[in-house]
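One structure is given below, encoded as structure tokens.
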Amino acid sequence: MKKKRSFLPVVIIAVSIIILFLFFRFRPHPPKLETAKNGPLVSVKTVHTQTKPILVTGSGTVEPEHFVALTPQVSGKVVKVSPNLVTGGFFRKGEMLIQIEKSDYEIALARAKAQFLARDVDYQKAMRQADIAKKDWDSVMKTILKDPSLVPDQLTLYVPQLKAAKAAMDSAKADVRLAELNLSRTAIKAPFNGRILTKEADTGQFVTLGKPVATVFSTDLFNVVVPLTDQDTGLFQLPCAAEVISNFEGTVNRYPAKAVRTEGALDPGSRMVHVIVQVQHPFSFPVPLENGEYVQVQLTGNAMNTVELLPKVERDGKVWIVEDNKLKILPVKVIYRSTEAVFVTGIPDGSSVITSSLFAVSNGMQVRTLKEKTR
């Protein structure tokens with residue numbers, strides 16, 4: 001009995017081992033999760049080559065085509081000013097802005113006319129005297145001297161006296177013209193359609209020759225000077241269509257424009273080319289373009305066969321594309337780069353371009369794709 005009990009623990013242990021072995025040997029296993037080596041998930045977009053104009057972008061400050069200081073050409077007391085002669089006031093070409101007292105200049109004109117009449121009479125007398133002198137000499141030659149070789153001197157024929165009288169009359173006539181001109185200058189008129197920037201004179205004030213009474217600028221034409229690189233200027237031909245874009249007080253406004261010329265030389269500091277873009281009648285739009293605004297400009301360049309990409313997609317002259325679920329690093333040529341788009345060549349039409357970021361890439365690495373919706 002004791003011998004049977006001594007084998008019991010051994011039997012129990014042996015049976016337990018056999019049961020455990022059978023449990024682990026024949027228990028159901030969960031399906032293995034195969035870690036497919038398909039690579040990271042990337043977003044792609046199918047791109048196509050297109051022939052369309054390159055939009056060259058830049059920026060600059062709006063400036064008037066004409067900007068002048070109105071300066072009196074005569075002195076005197078201001079007796080009248082236009083109601084439009086206020087800061088920000090608009091005026092039309094030829095409009096009288098300031099009237100200077102005319103009395104002194106009217107008197108000066110009357111005196112000049114009187115002097116001219118007197119000098120004209122003197123000239124008429126001199127012509128009569130010269131005619132008489134010529135006839136007298138001819139008579140003496142025929143009746144007394146009878147010598148055709150004799151030639152009278154200029155004084156005898158009254159020639160110098162006639163020239164002096166003619167010169168005095170011409171001088172008096174010029175004085176009349178100057179007096180008329182000074183009288184007309186008492187009215188300071190607008191040289192063009194424009195607007196008042198500053199006002200320096202008012203009724204009752206004495207203005208002097210050469211001292212500005214107002215600063216004005218034209219409103220028929222505004223310029224935007226756009227600095228561009230010489231590479232950018234090679235993408236369009238002047239003149240070309242353009243668009244000025246203003247973001248004034250949070251509202252975006254667009255104005256049709258034209259790029260017409262470049263300035264005479266490169267900027268010595270930046271080595272940039274300054275392109276002049278013009279907007280006709282800037283105050284005729286529902287929201288006028290204002291003098292001094294800082295604006296964006298788009299110039300319509302040459303039509304080129306390129307692929308347009310978002311700036312983030314082009315990476316230092318390279319683009320990532322997907323071919324057969326493998327990433328390919330493709331060198332491209334950047335034709336033009338702006339803040340909104342990059343125009344490149346070297347991408348086959350219909351390529352799947354990777355638009356998402358990756359931490360590390362290598363040519364031929366396996367990727368999975370998620371197609372972006374075309375905008």
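Packing, taken as the mean count of other beta carbons within 10 Å per residue, orders the peptides 203-216, 335-348 from highest to lowest as 335-348, 203-216. The H on the amide N of Ser351, modeled in the peptide plane, is under 5 Å from the matching H of Val47, each at least 5 residues off or on a different chain.
Please give the Cα centre distance for the range 213-227 versus the range 335-375, rounded to the nearest Å. Cα centroid of the range 213-227 versus Cα centroid of the range 335-375: 45 Å apart. Once backbone amide H atoms are built at 1.01 Å from N, His66 has Ser218 as its partners under 5 Å, excluding neighbours fewer than 5 places away on the same chain. Packing, as the average of other Cβ atoms within 10 Å across residues, places the peptides 354-362, 293-301, 74-82 in the order 293-301, 74-82, 354-362, highest first.
Could you please report the charge total around Ala190, scoring K, R as +1 and D, E as -1 over all other residues with beta-carbon less than 14 angstrom from its beta-carbon?
Numbers: positive: Arg92, Lys93, Lys189, Arg195, Lys199; negative: Glu95, Asp220.
Residues near Ala190 contribute +3 overall.
Between Gln231 and Val287, the simple spin-label model (points 7 angstrom out along Cα→Cβ) gives 3.3 nm. Maximal additional length on extending the Ala110-Asn363 stretch stands at 81.5 nm, based on 0.36 nm per residue less the C-alpha distance. Annotation for Ala303 and Ser270: the two label points, set 7 Å from Cα along the Cα-Cβ direction, are 3.2 nm apart. Per-residue 3J(HN,Hα) values for the range 91-98, derived from phi via the Karplus relation 6.51 cos²θ - 1.76 cosθ + 1.60 with θ = phi - 60°, read 9, 9, 4, x, 5, 6, 9, 9 Hz in sequence order (x marks Gly and Pro). In terms of surrounding Cβ atoms within a 10 Å radius of their Cβ, Thr87, Thr219 rank from fewest to most as Thr87, Thr219. Local charge for Met365 was computed over the other residues whose Cβ lies under 10 Å away, with Lys and Arg +1 and Asp and Glu -1, and equals +2. If contacts are Cα pairs under 8 angstrom and at least 6 residues apart, what is the relative contact order of the chain in percent? That works out to 28 percent.
Computed over neighbours whose Cβ is under 15 Å from that of Val213, the net charge equals +2, Lys and Arg +1, Asp and Glu -1. In degrees from 0 to 90, rounded to the nearest 10, what is the angle of the helix 103-140 Cα long axis to the longest principal axis of the chain? Rounded to the nearest ten degrees, it is 50.
Measuring between alpha carbons in the structure, the pairs from Lys125/Lys173; Lys134/Lys163; Lys318/Lys371; Lys93/Lys211; Lys173/Lys199 lying more than 26 angstrom apart are Lys173/Lys199.
Since every read-out is calculated from the coordinates, none of them should be taken as a lab result. Every value quoted in this text rests on a predicted model; they were computed, and no experiment measured them. As a convention, Cβ positions derive from the backbone with ideal geometry for all residues, glycine included, and neighbour counts pool all protein chains shown.
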